[in-house]
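Read the figures in this text as sums done on the coordinates, not as results from a lab. On a predicted model such as this, the values are computed, not experimentally measured, just so you know. Heads up, the Cβs are rebuilt from the backbone with ideal geometry, glycines too, and the neighbour counts pull from every protein chain shown.
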Amino acid sequence: MRILAIDTALGACSACVLDAGRPEPLAIEQTAMDRGHAEALMPMIERVMSAVEGGFSSLDRVAVTIGPGSYTGLRVGVSAARAIALAAEIPAVGVTTVAACAAPLVGRESGRVIAAALDAKHGQVWFQALSSEGRQIVALRQVSYRDAARAIGAGPVSLVGSAALSVANEAWAIGLDALVLDDARAPDVTWVARLGIIADPQSAPARPLYLKAPETTPQDRARLPRR
């Protein structure tokens, strides 16, 4: 299976093409950015696909990060993934940002809780915790740093993600054995591809995942009444 993976959910714009069973992507490009995903993504995908023999017609699937993350970034990535999948007549699957961040540690951190903590702003974190074998311990949620640390339980815990240090500080304050292994602002898009390969299109749709409503709302005061 050959898959195109896309990530625009957080602080990067990324795309790669991976063949199942091969450890390294056929082509990859990742650029750190907080804004401008809409302008950067399609040219990036074109460059990545031009480096792959067979181009878009060689793809079997598209994977995209569906959140939690930036409202605008999620829409950009999901819209692109759906459009490419529709044009190529292939499935599109969604991968959560926390799963992509935690995945590299599964099977490596024996006896430790694996926790992904991503900065949700305003003292909040998008948080999920797994066993070292990948079994869910704490379901994906948006909580304060302190509540995330308390949800870990007795630990010990290995933390990844942009808010890993903030949660680790709270974990240390309550006596937990906590290690910060990676504080990257966005997942490695190669892991988005790997998770996308094993995802079930029926249960992992390419649809934005929001843990809270967007902070902007339509104006109502100047709206004209319908006739």
If you take all C-alpha pairs in region 1-105, what percent of them are over 21 Å apart?
26 percent
Counting only C-alpha contacts under 8 Å and six or more residues apart, can you give the relative contact order of region 21-84 as a whole percent?
32 percent
How high is the relative contact order of the chain, in percent, counting Cα pairs under 8 Å that sit 6 or more residues apart?
22 percent
So the compactness index of region 131-220, its C-alpha Rg divided by 2.2 N^0.38 Å, takes the value 1.33
Nitroxide proxy distance, nm - points 7 Å out along Cα→Cβ at LEU165 and ALA32:
1.2 nm
Taking the highest mean first, how do the peptides 64-76, 179-191 order by number of other beta carbon atoms within 10 angstrom per residue?
64-76, 179-191
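To check you understand DSSP bridge types, tell me what percent of the beta bridges within the chain (both residues inside) are antiparallel, rounded to 5.
Bridges in the chain that DSSP calls antiparallel: roughly 60 percent.
At a Förster radius of 30 Å, what calculated FRET efficiency corresponds to the Cβ-Cβ distance of SER110 and ASP60, to the nearest 0.05? Before the final figure, lay out the partial values.
Details: r = 34 Å, r/R0 = 1.12.
It comes out at approximately 0.35.
Would you calculate the volume per residue, in Å³, of the smallest convex hull containing every Cα atom of the chain? Before the final figure, lay out each step's value.
On the way: hull volume 33.4 nm³, N = 227.
Value for the chain: 147 Å³ per residue.
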Along the Cα→Cβ direction, 7 angstrom out, place labels at ARG75 and ILE137. What is the inter-label distance in nm?
3.7 nm
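Over region 99-182, consider all pairs of different Cα atoms and compute the Kirkwood hydrodynamic radius from their mean reciprocal separation; express it in Å, one decimal. Don't jump to the answer; show the numbers that get you there.
On the way: mean 1/r = 0.0835 Å⁻¹.
Computed over Cα pairs of region 99-182, the Kirkwood hydrodynamic radius comes out at 12.0 Å.
Between HIS122 and SER203, what's the calculated FRET efficiency when r is the beta-carbon distance and R0 is 30 Å? Round to 0.05.
Working: r = 32 Å, r/R0 = 1.05.
That gives a FRET efficiency of 0.40.
Show me the ranking of peptides 94-102, 202-210, 141-149 by mean Cβ neighbours inside 10 Å, starting with the highest.
Values: 94-102: 26.8, 202-210: 15.8, 141-149: 19.8.
Those peptides, ordered most packed to least, come out 94-102, 141-149, 202-210.
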